[in-house]
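Before any comments, here is the structure.
The values are calculated or read from the model by the stated rules, or taken from the named source; none is laboratory data. Nothing here was measured: the structure is a model prediction, and the numbers come from that model. Glycine also receives a Cβ, built like all others from the backbone with ideal geometry; neighbour counts cover every protein chain displayed.
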Amino acid sequence: MTEGDVLLALMEQDLAIARATKALDELPEKKAIIQLRQRLKEIEGVAEKAAAYLRKANAMVSRAADDVASVQAKIDAEQAKVLSGSVTDSKELQNLTREIEALARRKDTLEREELGLMEKAEAGEAQVARVQAALAEGRAKEASLIEEYKARGGELQTEIARLKAGREAIATRLPQPLLARYETLRASKNGIAVGELKGSLCTACRTAIPAGEAQSLAAGPEIGECPNCRRIIVVRQGA
Ligand SMILES: [Zn+2]
């Protein structure tokens, strides 16, 4: 193989790698996984909010329970005074009874508030459970999509690995400066770094080269440069 043949073979190999990589990128499972991960991120955000709400509601329930218990302790203390018989003055007893009644009313109010808060906490717990179920379902779906992607993509990945290995073997056959020139052009010219001179046409840019320049290319070395697209142009003897 001449250097020109090697260059053209290298380009074919690189184009095959690009096609296989594109096919891998465009597998519908990949798109679905990306979309699902986006959705999972959103659900995780909702889960965090639901958990924070539940923590707050539980803290409020526990504070309300403490308030009820502390009022109950006061009631117990006042009742103990009444029952002890140490308070004999009827006016004082009446005051104590009134205070106990007021405390009992206060306790009723606090207990109602506590119940309301408990309902909120229960609703929060249910929301946390719903969001966690949605997350679990989404993650299971993600795992099965990844399996499908691996199965369908596996063949392509094997093909890409084989093509890349072949590509490396081909590349070693080129002198370093020519390979570097090829790589620079490949990066700047959408993967097409090399054309062939066919008559007066460059096969890469499909543009006719003025007769005089085409003639001097044809008479020159195998590796030239297209005067139109500046890519490497392979000139075959007798072309
Ligand atoms: Zn050209």
For the stretch 97-104, check the following and say yes or no: at least one residue is in contact (Cβ under 8 Å) with a residue 24 or more places away in the chain and either of a type in the set (Val, Ile, Thr) or not in a helix (DSSP H, G or I) (or both).
yes
Would you list the strands (runs of 3 or more DSSP E) that sit entirely within the stretch 141-239 and hold 2 or more residues that are more than 23 Å from Arg19 (Cβ to Cβ) and within 16 Å of the ligand (Cβ to nearest atom)?
194-198, 223-225
Residues being polar (S, T, N, Q) and surrounded by 10 or more Cβ atoms within 10 Å (Cβ to Cβ) - total across the stretch 77-115:
5
Positions within the stretch 23-46 being at pLDDT 95 or above and not aliphatic (A, V, I, L, M), in sequence order
Gln35, Arg37, Gln38, Arg39, Lys41, Glu42, Glu44, Gly45
Counted residues in the stretch 157-199 being among the β-branched types (Val, Ile, Thr), crowded, with 16+ Cβ neighbours inside 10 Å and out of contact with any helix residue (DSSP H, G or I) (no Cβ under 6 Å at 6 or more places or on another chain) come to 1
Provide a single number: the residues in the stretch 22-42 that are among the β-branched types (Val, Ile, Thr) and surrounded by fewer than 16 Cβ atoms within 10 Å (Cβ to Cβ).
1
